[in-house]
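The values are calculated or read from the model by the stated rules, or taken from the named source; none is laboratory data. Computed from a predicted model, the values in this text were never measured in an experiment. FYI the Cβ positions are ideal-geometry reconstructions off the backbone, even for glycines, and counts take in every protein chain you see. The accessibility values were calculated without ligands, DNA or RNA, using every heavy atom of the protein model including side chains. Shrake-Rupley method; radii C 1.70, N 1.55, O 1.52, S 1.80 Å.
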Amino acid sequence: MIFDIQQQPQGMYATVSGRLDTPAAVKAQQEINPLLENADKAITLDCKDLEYISSSGLRLFLTIRKEVAAKGGSIVIENINEDIKKVFMMTGFFNLFDIR
């Protein structure tokens, strides 16, 4: 699992790829620090290469969302595949995020 994070003029852009399972989520917790530090800006999570997400991965997304809400930024998740979309719908996460 990889979080490739870039700062762009319009905000933070992160490409999420691979499997976001429990071991990967533990590692990614440190990788997302730039997103949490810049949660007052617009954050885009591009999930076109995300293959799988576990409950630990969902918790990671929720951590980012909570920080964004606290700091007044915004978050968009884009390019999720059908399997991940089903997980988001079953867990109620689909209603928590702006998904495009």
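Rounded to the nearest 20 debye, the dipole size of the chain about its Cα centre is 260 debye, using +1 on the Cβ of Lys and Arg and -1 on the Cβ of Asp and Glu.
Sequence-distant contacts, meaning Cα pairs under 8 Å at least 6 residues apart, place the relative contact order of the chain at 27 percent.
Each residue of region 18-26 was assigned a 3J(HN,Hα) from its phi angle through the Karplus expression (A = 6.51, B = -1.76, C = 1.60, θ = phi - 60°), giving x, 9, 9, 9, 4, x, 5, 5, 4 Hz with x at Gly and Pro. Above 19 Å, the calculated P(r) of the chain contains 33 percent of its Cα-Cα pairs. For the chain, the fraction of 1.4 Å probe accessible surface lying on carbon and sulfur atoms is 49 percent. Using a probe of 1.4 angstrom and keeping all protein chains present, the accessible surface of the chain works out to 54 square angstrom per residue.
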